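Below you'll find the structure, written out as structure tokens, and then a few comments.
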Amino acid sequence: MQNQTSPLILTFGVADPIGAVGVHADLGVFAALGCQGLAVTTALLIGDSAKVEDQQHVEPDWVADQARAVLEDAQVAAFKIGALDSLEHISSIAEVVSDYPDAPLILDPFGSQLPPLGEETDFEELLTVLRQLLVPQSTLLMLSQVELGHIAETWRDLANGETMADDAQHLIDLGCEYVLVTGTPAGTSRAESGLRANTLYGDGGIVRHDRWQHLPGPFLGSGCTLSAAITAYMAQGIEAPRAVQLAQQYTHGALQHARRFGMGKLVPDHFHALHAQAASLRDAPLTAPLGKPTASSTNRTNRTKQ
């Protein structure tokens with residue numbers, strides 16, 4: 001018996017029966033990349049690979065208690081926070097992670113797979129609380145260009161003429177170290193029409209800008225896969241720019257090998273490298289186990305004795 005040696009990551013998110021998003025997807029990515037995942041469930045989803053029909057939120061005190069119990073027992077190397085649609089959850093999680101400022105925190109707070117917000121939740125207020133409580137604690141915030149525009153509306157008028165870079169810098173000025181904006185157009189030329197870009201901003205501007213061939217899909221959980229992979233690499237001590245590069249490569253492979261579970265969307269294959277290795281071993285010719293002679297070696301031994 002030995003103590004845990006692979007990095008431990010605590011993730012906050014929904015429980016998805018399909019395992020394409022939320023904590024189940026995170027745990028798969030962490031394991032595929034050599035980490036051990038620990039999970040705090042914020043909501044239970046009812047849905048399949050086509051759509052989510054409903055969800056049941058976990059009480060905010062239960063969310064905090066799940067995390068506290070784990071953190072009192074084990075030392076984590078990183079945190080990941082997934083999709084959030086509850087003011088109380090944002091507040092509870094922000095209070096928990098504030099006690100661990102040295103661990104990288106990857107924030108991926110938007111989830112298109114979640115049901116629409118209830119009438120009791122004001123979207124602008126949700127974004128404001130998110131910006132005030134969790135963004136300043138984040139090592140890396142991941143969101144799309146549209147989502148960046150939504151959160152920017154909480155501090156400015158869209159007619160002011162600010163650019164995507166200006167909005168990212170504002171969030172970095174709040175305390176977030178990096179902002180990764182995903183799924184932006186790679187260019188305006190016809191040759192670039194099939195490409196998509198992910199842009200990582202740091203203090204002062206663009207840190208890296210990666211262009212990828214757009215895969216047709218449709219996919220369920222591609223963003224969750226990317227943010228979980230970034231978390232796994234950063235939990236191993238890799239700096240954010242390099243972690244983003246490696247995570248994009250891993251996610252692209254997971255999407256290339258995505259599988260359709262039913263009649264809905266394609267689900268990324270988090271263990272695509274392992275599955276390829278297993279298939280290679282399965283198709284390889286059989287060899288004799290170590291320590292056991294083959295028939296030919298036995299015959300040679302008998303002839304020598306004669």
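FYI, it's all coordinate maths here, none of it is from the lab. Note that the structure is a prediction, hence the values are computed from the model and not measured. Note that we place each Cβ from the backbone using ideal geometry, even for glycine, and neighbour counts take in every protein chain shown.
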The helix 22-32 Cα axis meets the longest alpha-carbon principal axis of the chain at an angle in degrees, between 0 and 90 and rounded to 10, of 40
Options (i) 51, 40, 40; (ii) 63, 49, 40; (iii) 96, 54, 41 are given for Cα extents along the principal axes in Å, and the computed one is (iii)
Longest principal axis of the chain (C-alpha) makes with the long axis of helix 87-97 (C-alpha) an angle, in degrees to the nearest 10, of 60
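Sorted by mean Cβ packing within 10 Å, highest first, what order do the peptides 25-31, 38-44 take?
Values: 25-31: 24.7, 38-44: 21.4.
Put in order of decreasing packing, that is 25-31, 38-44.
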Across Val207, Val267, Val181, the residue with the highest GNM fluctuation in the chain (Cα network, 10 Å cutoff) is Val207
Relative contact order in percent for the stretch 47-204 (Cα pairs under 8 Å, 6+ apart) equals 19
Within the set Lys51, Lys265, Lys80, GNM on the chain using Cα springs under 10 Å gives the largest fluctuation to Lys51
Most packed first (mean Cβ within 10 Å per residue), the peptides 256-264, 62-70 order as 62-70, 256-264
If one builds a Gaussian network model of the chain from Cα atoms under 10 Å apart, the most fluctuating residue listed among Pro285, Pro116, Pro104 is Pro285
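Using Cα pairs under 8 angstrom and six or more residues apart, how large is the relative contact order of the chain, in percent? It would help to have the intermediate numbers written out before the result.
On the way: 532 pairs, mean separation 51.6, N = 306.
The normalised contact order for the chain reaches 17 percent.
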Between the Cα axis of helix 295-305 and the main Cα principal axis of the chain, the angle (0 to 90°, nearest 10) is 30
